[in-house]
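Right, one structure below, let's go through it.
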Amino acid sequence: MNRLALFGLVFIALLIVVALFAPFIATHDVGATNLLARYLPPSSEHWLGTDATGRDIFSRVVYGARISLRVGIVVVAVSGLIGIVVGALAGFYGGWVDRIVSGYVLNVFLAFPGLLLAIAMVAFLGAGLNKLILALCIIGWVGYARVMRGQVLKVREYDFVQAARALGARDWRILFSHILPNAIQPIIVQASLGMAGAVLAEASLSFLGLGVPPPAPSWGVMLEEARDLATLQRAPHAMLAPGIAIALTVLAFNFLGDGLREYLDPRQRRR
Amino acid sequence: MKHKLLDILRRLLILLLVVWTVVSLVTLLIELVPGDPAVAILGEQATPEALEQFREKHGLDRPAFFVTYSEDKSGERRLRWNGAENRYVDYWRGILRGDMGRSFRTDRPVVDLILSRYGATIELALAALLVAVAIAVPLGVMAGKNRGTLMDNSLSVIALIGISLPSFVVGPLLIYIFAVWLNLLPVSGREGPSNLILPALTLGSALSALLTRMVRSSVIEEMGEDYVRTARAKGLSERKVVYKHVLKNGLIPVVTILGLQLGVLLAGAIITEKIFNWPGLGLLLVDDGINKRDYRIVQGCVLVISVTYIFANTLTDILYRKLDPRIRVS
């Protein structure tokens with residue numbers, strides 16, 4: 001695995017630790033405002049300074065990791081599972097299931113701007129973390145289904161599958177113990193890139209006011225609060241801290257995904 | 001010839017299916033609103049008459065779909081067949097006549113609102129596309145030509161960073177640098193050409209990073225082809241080989257990405273427009289639609305952005321086939 005992927009892995013591990021132990025790492029109460037300590041620059045008391053209402057930015061960035069990771073993990077797990085099952089069934093059985101899935105659902109969903117659909121759904125459902133997760137799952141599973149279907153179609157024709165069939169193995173056994181383990185690799189890559197996408201989507205929607213409602217320390221909300229002119233002039237670090245956090249997290253998952261793809265598919269290594 | 005015709009027909013069918021799905025989704029999305037949209041707009045204190053009037057005016061008193069599962073007069077919940085007299089059909093009828101209903105708040109026709117903003121969004125998306133190409137083609141060629149060198153590697157890392165930087169990080173950063181710190185460019189609005197620079201840079205930056213990678217791998221692939229050797233053998237300068245021969249072929253896959261990304265740009269423009277207060281469709285969607293819960297505006301904006309996106313994709317697909325004869329055969 002290359003160095004960038006290693007960086008990604010280390011950063012993600014660090015992020016998980018930060019999210020798990022946020023109460024011990026944070027130096028201040030995330031919600032505590034202090035109008036006497038607004039727009040403070042980074043100092044030994046406030047490591048990353050304070051925002052427009054005097055809240056400690058470092059603590060908020062630390063807690064923000066929880067929201068980002070939670071959305072990422074839930075969205076990837078749920079949409080991944082749905083996508084794997086639907087894609088595997090469509091690829092394995094073919095027929096009318098496949099005609100509906102690949103002929104209609106994949107074509108339609110992939111011809112549609114996913115973020116816009118998520119925005120539209122949350123706009124009608126009302127803002128909130130769970131609704132946001134629901135919207136991201138609804139748009140997210142299609143990508144996994146497409147990858148999985150392609151993989152199953154390929155693996156299905158391999159000799160060992162034919163051999164298992166000749167030995168009288170049942171469909172579900174062939175599917176779960178022979179095809180799935182051999183078809184799962186690109187899904188892992190997709191999941192890593194999907195984490196990046198989900199983190200980004202959560203921040204985007206929260207930035208637009210459609211995600212986690214404001215006092216919550218979502219990185220997207222923090223950016224939205226820090227981008228007005230008064231804060232930009234007096235405390236640009238209030239925008240930089242969550243911005244860098246989002247960028248590094250997305251970058252880490254993208255690095256990991258790219259690295260995994262290269263690692264799992266040696267033909268790509270020369271490029 | 002027959003195959004070609006069938007292929008075009010198939011594509012047209014998919015296009016129609018996608019548009020049908022989008023319109024249906026948009027039409028039915030309004031049913032997701034928790035509670036009564038009329039109450040959401042007029043408030044809890046509104047009189048029953050006012051609510052009734054509002055519902056009637058916007059057709060909200062009609063059943064939602066062909067079949068509904070609702071309470072009848074005896075208070076029992078049951079499936080009901082409503083025939084063609086329902087909101088789903090109403091919305092379709094409207095669209096076919098070029099009518100997307102009226103704004104819940106201002107009563108202005110949604111079509112007028114959208115038309116007044118459409119130009120600004122297209123202007124922004126095209127400017128961003130231009131920015132992306134202007135950055136990506138020279139950088140991609142440079143990286144591809146000098147493959148494996150330090151320059152190539154650092155350009156690749158920069159490109160990956162660029163892809164990972166969301167517009168709502170790039171935008172405020174650019175505002176801070178160019179508007180607050182250097183005081184060179186305006187912060188927001190759409191008064192003159194200088195207003196376009198920062199939004200276009202913001203929207204185009206991620207795309208330029210993606211394109212740089214595309215151009216690079218495309219150049220690398222083409223450099224290995226026979227015609228490059230021929231061109232070199234007949235004594236053309238390296239510059240001519242790259243810019244006249246390699247780039248011409250190497251840009252074909254890039255065109256596809258560009259077209260596909262035009263749609264992504266349109267969707268991404270929502271956030272960029274919000275950051276820079278750029279009066280396009282995205283701002284209409286967020287400020288007038290979502291924030292004021294004016295669902296008719298949301299429906300119209302989502303519909304128009306999606307359909308533009310879908311048509312941009314289809315157009316790209318056709319263009320791509322025209323450009324590369326190898327694809328036409330298969």
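A short reminder: the numbers here are calculations on the coordinates, not readings from a lab. Treat the numbers as computed from the prediction; the structure is a model and nothing was measured. Heads up, the Cβs are rebuilt from the backbone with ideal geometry, glycines too, and the neighbour counts pull from every protein chain shown.
Taking B:LYS274, B:LYS292, B:LYS248 in turn, the Gaussian network model of chain B (Cα-Cα springs below 10 Å) assigns the largest fluctuation to B:LYS248. Taking each residue as 0.36 nm, the span from B:ALA40 to B:LEU315 lengthens on full extension beyond its C-alpha to C-alpha distance by 95.0 nm. Helix A:57-93 versus the longest principal axis of chain A: what angle, 0 to 90°, nearest 10, using Cα atoms? Long axis of A:57-93 versus the principal axis of chain A: about 10 degrees. Between A:PRO42, A:PRO181, A:PRO213, the Gaussian network model of chain A with springs among Cα atoms under 10 angstrom shows the greatest mean-square fluctuation at A:PRO181. The alpha carbon gyration tensor of chain B gives principal lengths a ≥ b ≥ c with a/c of 1.5 or higher and a/b no greater than b/c, which makes the shape oblate. Local charge for A:VAL212 was computed over the other residues whose Cβ lies under 13 Å away, with Lys and Arg +1 and Asp and Glu -1, and equals +1.
Long hydrophobic helices in chain B: the complete DSSP H runs spanning 24 Å or more by Cα along their own axis with mean Kyte-Doolittle hydropathy of at least 1.0 are B:2-29, B:110-145, B:247-276.
Proximity of backbone amide H atoms, modeled 1.01 Å from N, is registered between B:VAL67 and B:ASN82 at under 5 Å, excluding neighbours fewer than 5 places apart on the same chain.
Per residue of chain B, the DSSP helices (runs of n ≥ 4 H) give a summed -39500 (n - 2.57) that works out to -22000 deg cm²/dmol at 222 nm. The residues packed around B:ASP99, meaning those with a beta-carbon under 12 Å from its beta-carbon, carry a net charge of +2 if Lys and Arg are +1 and Asp and Glu are -1.
Quick one: work out Rg over Rh on the C-alpha atoms of chain A, Rh as Kirkwood radius. Kindly include the intermediate steps, with their values, before the conclusion.
Values: Rg = 21.9 Å, Rh = 20.4 Å.
Looking at chain A, the ratio lands at 1.07.
Pairs spanning more than 29 Å between alpha-carbon atoms, out of B:LYS57/B:LYS274; A:LYS154/B:LYS248; B:LYS4/B:LYS234; A:LYS154/B:LYS4; B:LYS73/B:LYS292; B:LYS145/B:LYS234: B:LYS57/B:LYS274; A:LYS154/B:LYS248; B:LYS4/B:LYS234; B:LYS73/B:LYS292. The 3J(HN,Hα) values that the Karplus relation (6.51, -1.76, 1.60; θ = phi - 60°) gives for segment A:121-134 are, in residue order, 5, 5, 4, 7, 6, x, 5, x, 4, 5, 5, 4, 4, 4 Hz. Gly and Pro appear as x. Near B:PRO37: Cβ cut-off under 14 Å, other residues only, Lys/Arg at +1 and Asp/Glu at -1. The net charge is +2. Here segment B:126-194 and segment B:203-261 have alpha carbon centers that stand 20 Å from each other.
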